[in-house]
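The structure appears right after this line, and notes come after that.
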Amino acid sequence: MIAKQFSFPPSSRLRTAAEFQQVFKNPIKSSDEYFTLLAINNQFDYSRLGLAIAKKNVKRAVDRNLIKRMIRESFRLQQQQLTAIDIVVLARRNTASVPRVVLQKSLAKHWLKLEKRCNSF
RNA sequence: UGAGUUAGCUGAACAGUCGCUGUUUUAUCGUAAGGAUAAAAGAGAGGAAAGUCCGGGCUUCAUAGGGUAGAGUGCUAGGUAACUCCUAGGAAACGUGAGUUUACGGAUAGUGCCACAGAAAAUAUACCGCCUGUUAAAGGGUAAGGUUGAAAUGGUGCGGUAAGAGCGCACCGCGCAAUUGGCAACAAUUGUGGCAGGGUAAACCCCACUCGAAGCAAGGCCAAAUAGAGAAACAAUGUGUUACCCGCACAGUUUCUGGGUAGGUUGCUAAAGCUAUGAGGUGACUUAUAGCGUAGAUGAAUGACUGUUUUUAACAAAACCCGGCUUAUAGGCUAACUCUUUUU
RNA sequence: GGCUGCGUAGCAAAGUGGUUAUGCAGUGGCCUGCAAAGCCAUCUACACCAGUUCGAUUCUGGUCGCAGCCU
């Protein structure tokens, strides 16, 4: 964790249904027209990420994979700014047809927003 | 030169930095074992991975045995693990042609249907007609011509006749038989019959052949949690064999009340495998030798940035695995052949 | 990933090889002093593409969309 600033190992992902349920139970929300993010404070000293890209909202498998990769990449590069929160990212219906640059800017805003709000609790 | 036909190939490339998932090796930690961390090496989506339309492997169902029902296929021969797939051939249709397409058995086993129009839609029959007849009509003969329709009872010519008619003849078509060629489908030739008689089987059906069912969320193992109880019904039965009956197997079964769990691991990738060369075959394909070892995730891995080329490329992402089919697809390339124009 | 089912007018909902009922809604008219109710008329449909057939919404194949079940 200390040696690798920008790594993304399995430990920093949400893996089980129980972990997801904890986030869905009582979240801090942040949303715009592309994504909805849910977050909650955790007991570790690092942040964790979970993805929930519904097949209903993003039809093609190629688009779903691209969106997931983009979210992971954005999280990987900016995770040092986040202290100890679990985040779940949900995609909305029109996400696939938007250019990548717009989505990246949107994600960068969300990370900062959630960090501020969680710390204030 | 232009327009095509068929078969096949490709599916942006290179360099650098950061990051993800397996494998192997080394080191450290640690253990009964499994393992965790770090470093290095090397690997990491498709021609359709898609649709799930077929076929098979594999697994389970206490067996797959019989009968009925149901479903599928339908020219012939071959290929294959198998097929509704493929190859070669036949027939029919389309195209000037190279070629393409075809659910391509049976309508003389039976039943049904064929709106409207039309005389008549299949048991046959006669509206306008034609001929005869007669003062006229009735009656009789006939189906050449006309009318309808998607479809109308062989076609053309000659003879024949009161008018007509396969009534007779020739050719064509059709049916049957024989011979020849071919493994066969079928084709050709000869003889003969004298019109038998509409369409529809992707209508029911008949004939021949094939099919047990479910699907990796199948199934196996480990751990945890428990639960067991109460009531009712049937045991003269119930359940399973997933359409039904027989047969077979099991012994308690079903419903209601209220309560609760769903984590890990395995299945998992070496396979009817790929490449090259030789041999056999018209071909699909088969076979021999040599080489290769080719993703295996489980909230789910291929991305981001920079630079260069020529534009920061189409359709599109494995989820047990193969063989086909179908559908989507930017741009580029190769081979063979056809028609057309011009010239010789 | 696998297995099923369904697409008929703005909405609901029958139907079947021969130009698709019905109800609600919309529009216009009649009725009324004005409305409501009622009556009459009218409008808009077989998801798409091929094949079989004389003719397809129906039969067959493919494409697209929607819904459900298995964890």
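So, with +1 on the Cβ of K and R and -1 on the Cβ of D and E, and no other charges, what is the size of the charge dipole of chain A about its Cα centre, to the nearest 20 debye?
Values: 23 positive and 8 negative charges, 100 e Å.
My answer is approximately 480 debye.
Fewest first, what order do A:I28, A:I67 take by the number of other Cβ atoms within 10 Å?
On the way: A:I28 18, A:I67 23.
Ranking A:I28, A:I67 by Cβ neighbours within 10 Å, fewest first, gives A:I28, A:I67.
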### Task
As a check on your grasp of the helix formula, calculate [θ] at 222 nm for chain A: sum -39500 (n - 2.57) over DSSP H runs of n ≥ 4, divide by the residue count, round to the nearest 500.
-13000 deg cm²/dmol
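Would you mind checking the pairs A:K29/A:K105; A:K25/A:K68; A:K29/A:K109; A:K29/A:K113 and listing those with alpha carbons more than 21 angstrom apart? Could you put the intermediate results ahead of the total?
Numbers: A:K29/A:K105 18 Å; A:K25/A:K68 23 Å; A:K29/A:K109 13 Å; A:K29/A:K113 10 Å.
Those over the limit are A:K25/A:K68.
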#### Entry: Reach of A:K59 by Cα under 19 Å, taken over aspartates and glutamates that are not fewer than 8 positions away in the same chain
A:E33
### Task
Compute the FRET efficiency between A:V98 and A:S31 as 1/(1 + (r/R0)^6), taking r as their Cβ-Cβ distance and R0 = 22 Å, and round to the nearest 0.05.
0.90
### Query
Hey, any idea what the orientation-averaged projected area of the convex hull of chain A's Cα atoms comes to, in nm²?
7.3
### Spacing of the two label points (7 Å from each Cα toward its C-beta) at A:K109 and A:F44, in nm
2.9
### Task
Show me A:83-90, A:108-115, A:57-64 ranked by packing, highest mean number of other Cβ atoms within 10 Å first.
A:83-90, A:108-115, A:57-64
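Provide the percentage of antiparallel DSSP beta bridges, counting only those with both residues in chain A; round to the nearest 5.
Numbers: 11 of 17 bridges.
That works out to approximately 65 percent antiparallel.
Readers should treat all values here as calculations from the given coordinates under stated rules, not as data from a laboratory. The model shown is predicted, which means the values in this text are computed figures rather than measured ones. A quick note on method: Cβ atoms are made from the backbone with ideal geometry, for glycine too, and the neighbour counts reach across all protein chains shown.
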